[in-house]
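Asks: The structure that follows is given in the form of structure tokens.
The values are calculated or read from the model by the stated rules, or taken from the named source; none is laboratory data. Bear in mind that the values here come from a model prediction, so they are computed numbers and not experimental data. FYI the Cβ positions are ideal-geometry reconstructions off the backbone, even for glycines, and counts take in every protein chain you see. These area figures cover heavy atoms from the full protein model, side chains too; ligands, DNA and RNA do not enter into them. Shrake-Rupley method; radii C 1.70, N 1.55, O 1.52, S 1.80 Å.
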Amino acid sequence: MSGDIAKAKREHHALAVEIRIHDDAYYKQDAPTVSDAKYDALRKRLLAIEAKFPELATKDSPSQHVGAKPSGRFGKITHSVPMLSLDNAFDEGDVKDFAARVRRFLNMAEDAPLAFTAEPKIDGLSASIRYEHGKLVKAATRGDGRIGEDITANIRTLKDVPETLTGSGWPDVLEVRGEVYIDHEDFAAMNAAQEHAGKEPYKNPRNAAAGSLRQIDPRITANRPLKFYAYAWGEMSAPIADTQMDAVLAFKRWGFNVNDLMRVFNNADDMIAHYKQIETDRSSLGYDIDGVVYKVNDLALQERLGFVSRAPRWAVAHKFPAEKATTIIEAIDVQVGRTGALTPVARLKPVTVGGVVVSNATLHNEDEIKRLDVRVGDSVEIQRAGDVIPQVLRVLDGDRARRPDPFTLPKSCPVCGANAVREVDEKGNRDVIRRCTNGLQCPAQAIESLKHFVSRRAYDIDGMGIKQIEAFYEKGLVLEPAHIFTLEARNGEIKLETWEGWGEQSAANLFAAINARRQIEFVRFLYGFGIRHVGHGNSTLVARHYLSFDIFLSAVQKMVQGDDDALAELLSIDGVGEACASALVGFFKSPQNMQVVNELLAQVTVIDAEAPSTDSPVAGKTVVFTGKLELMSRDEAKAKAQSLGAKVSGSVSGKTDYLVAGPGAGSKLKKAESLGVKVLSEAEWLEFIQ
Ligand code: IVH
């Protein structure tokens, strides 16, 4: 018996240490080191030991911590209005292009008045806070933009966030959005306290804010110096203003902090001057910012501009230049990615850049290596911008004696040994990227594809992350997507519950999570294949257009046979370009790929995509625009039609429902008339869709 308790004590201690490390990584660094399933298994084992030996449940056991609820740590909240991100501008030219793009889209003359706001881009985490009848009811993180985590209890502890709105005039439903951050002074105090307690300091204010906001116990969050700036909104039951500036001023009246460096300007030059002023003052602002955000001030124009993919057309983030540092190249390795790309990676002597330790930098491709003439042992200048992979900018001691020979990329794949080539397109242009030609037969490509397959925006299977995919792949149990879905049926032999780190419960949870994905949305299904040029944005466009995967597949099969009309339809989708179309055709043309697709289809059912809007008179109809449009730009007309669920095509055929013809319409108008297609003027069209 005494031997039993001694053994239990040892195991309990080891588990407690491990759980604390994971908790620390998750809550403090905001960088989880294990899957939820593994974490759950550790906690479960700890609790089982404590049930048998209650004396081990001492005050410092992880089991005793308030709210130490393990997996699915926060509830999920679906944003009623998606939380968007911003496109970036890196120089003055990009800012001018942005202003010009907005004018073009709105069909505005170059000299027509158009106002923009400009305000600092705070480097924190965005949150959405919902008020109903002036009372705070819910708060969520951004998450993937569509679904965030429920952080209501934590947000309530922020002094900057009113529990009840002040003043008057707010709508019944109001979602206030903005940035949660920690200022420099508070950050320094927090780190001094960490060090005093013998703990690791936080890397930067953003990480400290992230860790503080994602505390399970709101009492801990309450003791963290989190602040909040309001700058945007989600759902609103009634409009609150006509301009961006007035909306933000309303937030101020209702009890929020807003940034007092926000200004309104009428042209790009003045916006850029404000940017420069903010950049000069950056270090004395007292909080981290990483750029300046410009937004079209008129909310009716914002509405017309809408958004593309995940960013609004009416805003842009003008980023500050990346931070730089000097270090030494210790080695150059070659990595093989999901699409076979051979990427040279510089291993660096670790160096701190903008508060973060960097030890790897991408060298992109062989042309870049040649351009930089970078070799092992060189002193280099590197830069890091936000969350982007650090880059090597230039070699500092290229003229020193006894440098090693130039680095050359291997002509064969370092993982599978197959030929690695730089493709040449029809126009004779040579791709800058060298790729392994072995497709999914190459273990590196296969495993990277599988990781992509289970990633958040694809199948997003709980408990099946990078580590699990690697383990299943190495054991030969999952070599292609369909194998994930046959794991449970094969578990008689696999016996997952006996593997290290797994138990009955975690294995059962994994199988349940896999089974939950046997019904899979069209977008996830298509994106999951990880086809080059077919990212989440394009997958969404394709799914929204064809609605059913079967219909899409038969269209692609026609394209494979050389059917030009089928290809023209794919290309008519706003946002789908040649590269995406030919990648799709190329992918579904390959018999090996079709085998992977069919094996997967034997395991899963693809859920049809929803038509964007079914109650509009043009939902599902095919429209062609021709001639000059006078009230809006062609882009705006197209985007508007698509947002109402119409398909916009470039050519008139028997499938066309409406032709919208402006002055100067020619052959398309004639063809439409001969086919009996309904022809509308621009004004008639606008009235029709109102
Ligand atoms: S506006 C649709 N304004 O930047 C517009 N965003 O890169 C939504 N951010 O997710 C954002 N300061 O977390 C806006 N003044 C500001 C901002 C800001 C920081 C963050 C925000 C957003 C990210 C996009």
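Asks: Q383: net charge of surrounding residues, Cβ under 9 Å, Lys/Arg +1, Asp/Glu -1, itself excluded?
Replies: Details: positive: K324, R384; negative: E323, E381.
So the surrounding residues net to 0.
Asks: Find which of M271, F320, L440 sits farthest along the positive direction of the dipole of the chain, computed with +1 on the beta-carbon of Lys and Arg, -1 on that of Asp and Glu, about the Cα centre.
Replies: Value computed over the given set: L440.
Asks: Could you tell me which of N419, G463, T408 has its Cα farthest along the dipole of region 395-483 towards the positive end, charges placed at Cβ (Lys, Arg +1; Asp, Glu -1), taken about the Cα centre?
Replies: Selected residue: T408.
Asks: Per residue and in cubic angstrom, what volume does the convex hull of the Cα atoms of region 131-236 have? Intermediate values should be presented prior to the final figure.
Replies: Numbers: hull volume 11.6 nm³, N = 106.
So the per-residue Cα hull volume is 109 Å³.
Asks: Restricting everything to alpha-carbon atoms, can you work out Rg to Rh for region 325-368 with a Kirkwood hydrodynamic radius?
Replies: Values: Rg = 11.6 Å, Rh = 11.3 Å.
That ratio equals 1.03.
Asks: For region 243-337, calculate the relative contact order in percent as a whole number, restricting contacts to Cα pairs under 8 Å that are 6 or more residues apart.
Replies: Relative contact order for region 243-337 comes out at 24 percent.
Asks: Based on DSSP H runs of at least 4 residues, each adding -39500 (n - 2.57), what is the mean residue ellipticity at 222 nm of the chain after dividing by all its residues, to the nearest 500 deg cm²/dmol?
Replies: -10500 deg cm²/dmol
Asks: Round to a whole number: what % of the accessible area of the chain belongs to carbon and sulfur, probe 1.4 Å?
Replies: Details: 16900 of 33630 Å².
Answer for the chain is 50 percent, counting heavy atoms of protein chains only.
Asks: Give a residue-ordered list of calculated ³J(HN,Hα) values for region 508-515 (Karplus: 6.51 cos²θ - 1.76 cosθ + 1.60, θ = phi - 60°; whole Hz; x for Gly, Pro).
Replies: Result, ordered by residue: 4, 4, 4, 4, 5, 5, 5, 4 Hz.
Asks: Right, next: In nm, to one decimal, how far is the A112 label point from the E200 one, both placed 7 Å along Cα→Cβ?
Replies: Taking the two extended label points, one gets 5.4 nm.
Asks: Measure off 7 Å from each Cα along the Cα-to-Cβ vector at S284 and A331, then give the distance between these two points in nanometres to one decimal.
Replies: Between S284 and A331, the label points sit 4.8 nm apart.
Asks: If you split all Cα-Cα distances of region 470-509 into 10 Å bins from zero, what percentages do you get per bin, shortest first?
Replies: Whole-percent P(r) values from 0 Å outward: 29, 61, 10.
Asks: Let me make sure I get this right: for region 407-550, a, b and c are the square roots of the gyration tensor eigenvalues over alpha carbons, sorted descending. Under 1.5 in a/c it's rounded, otherwise prolate if a/b > b/c, else oblate. Which is it?
Replies: Taking the square roots of the gyration eigenvalues as a ≥ b ≥ c, region 407-550 is oblate.
Asks: Looking at region 339-429 from every direction and averaging, what is the projected area of its Cα convex hull in nm²?
Replies: Reported value for the Cα convex hull: 7.9 nm².
Asks: What length, rounded to one decimal in nm, is gained on full extension from A100 through to A300, with 0.36 nm per residue of separation minus their alpha-carbon distance?
Replies: On the way: separation 200, 0.36 × 200 = 72.00 nm, distance 1.80 nm.
That works out to 70.2 nm of additional length.
Asks: Could you size up the charge dipole of region 242-343 around its Cα centre, putting +1 on the beta carbon of Lys and Arg and -1 on that of Asp and Glu, and report it in debye to the nearest 20?
Replies: 280
Asks: Tell me, what ³J(HN,Hα) does each residue in region 247-263 have, in order and in whole Hz, if you take phi through Karplus 6.51 cos²θ - 1.76 cosθ + 1.60 with θ = phi - 60° and put x for Gly and Pro?
Replies: Here the 3J(HN,Hα) series is 5, 5, 5, 5, 4, 4, 5, 8, x, 9, 7, 10, 7, 7, 8, 7, 9 Hz.
Asks: If Lys and Arg each add +1 and Asp and Glu each add -1, what is the summed charge of the other residues whose beta carbon sits under 10 Å from the beta carbon of G645?
Replies: Here the charged neighbours net out to +1.
Asks: Once phi is turned into ³J(HN,Hα) by the Karplus curve 6.51 cos²θ - 1.76 cosθ + 1.60 with θ = phi - 60°, what whole-Hz value does each residue of region 203-210 show in order, with x for glycine and proline?
Replies: 3J(HN,Hα) across region 203-210, in whole Hz: 5, 7, x, 5, 4, 5, 5, 4.
Asks: Could you list which residues have their amide H under 5 Å from that of S455, counting only those 5 or more apart in sequence or on another chain, with H placed in the peptide plane?
Replies: D460
Asks: Quick check for me: using +1 on Lys/Arg Cβ and -1 on Asp/Glu Cβ, what's the dipole size of the chain about its Cα centre, in debye to the nearest 20?
Replies: 940
Asks: Stretch R422-A51 to full length: gain in nm at 0.36 nm per residue minus the Cα-Cα span?
Replies: Gain on extension, R422 to A51, equals 127.4 nm.
Asks: Give the long-range amide H neighbours of H318: residues separated by 5 or more places, or on another chain, with amide H under 5 Å away, using H modelled in the peptide plane at 1.01 Å from N.
Replies: Distant-sequence amide H within range of H318: A89, V292, V293, Y294.
Asks: Based on the alpha carbon coordinates of region 175-301, what radius of gyration and maximum Cα-Cα distance (Dmax) apply, in Å?
Replies: For region 175-301, the Cα-based Rg and Dmax read 17.4, 54 Å.
Asks: What full-extension length gain, to one decimal in nm, is calculated for R634 and L601 as 0.36 nm per residue of separation minus the Cα-Cα distance? Spell out each step's value before the answer.
Replies: Values: separation 33, 0.36 × 33 = 11.88 nm, distance 3.89 nm.
Net length gain for the segment: 8.0 nm.
Asks: Give me, ordered by chain and number, the residues 5 or more places off I332 or on other chains with an amide H under 5 Å from its own placed amide H.
Replies: For I332, the qualifying residues are R347.
Asks: Treating region 48-193 as a set of equal point scatterers at the Cα positions, no solvent, please give the Debye-formula log₁₀ I(q)/I(0) at q = 0.16, 0.18, 0.19 Å⁻¹.
Replies: -1.11, -1.18, -1.20
Asks: R0 = 30 Å: FRET efficiency of F90 with R403, Cβ-based, nearest 0.05?
Replies: Here the calculated transfer efficiency is 0.40.
Asks: While we're on this one: Which net charge results when you count Lys and Arg as +1 and Asp and Glu as -1 among the other residues whose beta-carbon is under 10 Å from that of R403?
Replies: That works out to -2.
Asks: Could you tell me which of T352, A311, V597 has its Cα farthest along the dipole of the chain towards the positive end, charges placed at Cβ (Lys, Arg +1; Asp, Glu -1), taken about the Cα centre?
Replies: Of T352, A311, V597, it is V597.
Asks: With contacts defined as alpha carbon pairs under 8 Å and 6 or more residues apart, what's the relative contact order of the chain in percent?
Replies: Taking the mean separation of contacting Cα pairs over the length of the chain, I get 10 percent.
Asks: For Cα pairs less than 8 Å apart in space and 6+ apart in sequence, what is the mean separation divided by the residue count of region 122-239, i.e. the relative contact order in percent?
Replies: 34
Asks: Eigenvalues of the Cα gyration tensor times 5, then square-rooted: what semi-axes does that give for region 297-377, in whole angstrom, largest first?
Replies: Working through the eigenvalues yields semi-axes of 37, 18, 11 Å.
Asks: Next question, about the same structure. Rounded, prolate or oblate: pick one for the chain, where a ≥ b ≥ c are the square roots of the eigenvalues of its C-alpha gyration tensor, a/c under 1.5 means rounded, and failing that, prolate if a/b is larger than b/c, else oblate. Please list the in-between numbers first.
Replies: Working: a/c = 1.42, a/b = 1.21, b/c = 1.18.
Verdict is rounded for the chain.
Asks: Could you list, in their original order, any pairs among K76/K96; K203/K324; K638/K668 whose Cα atoms are separated by more than 28 Å?
Replies: K76/K96
Asks: When a/c is below 1.5 the answer is rounded, else prolate if a/b is larger than b/c, else oblate, so apply that to region 212-278 with a ≥ b ≥ c taken from the square roots of the Cα gyration tensor eigenvalues.
Replies: Cα axes put region 212-278 in the oblate bin.
Asks: Any idea how far apart D260 and I689 come out in nm if each label point goes 7 Å out from Cα toward Cβ?
Replies: 4.4
Asks: What is the mean projected area of the alpha carbon convex hull for region 509-666, to one decimal in square nanometres?
Replies: Taking the Cα atoms of region 509-666, their convex hull projects to 10.9 nm² on average.
Asks: A further question on this structure: For region 496-599, which GluC sites (Glu not before Pro) are in a loop by DSSP, counting at most 15 other Cβ atoms within 10 Å?
Replies: The qualifying sites are E500.
Asks: Convex hull over the alpha-carbon atoms of region 495-539: what's its volume per residue in Å³?
Replies: About 100 Å³ per residue, rounded to a whole number.
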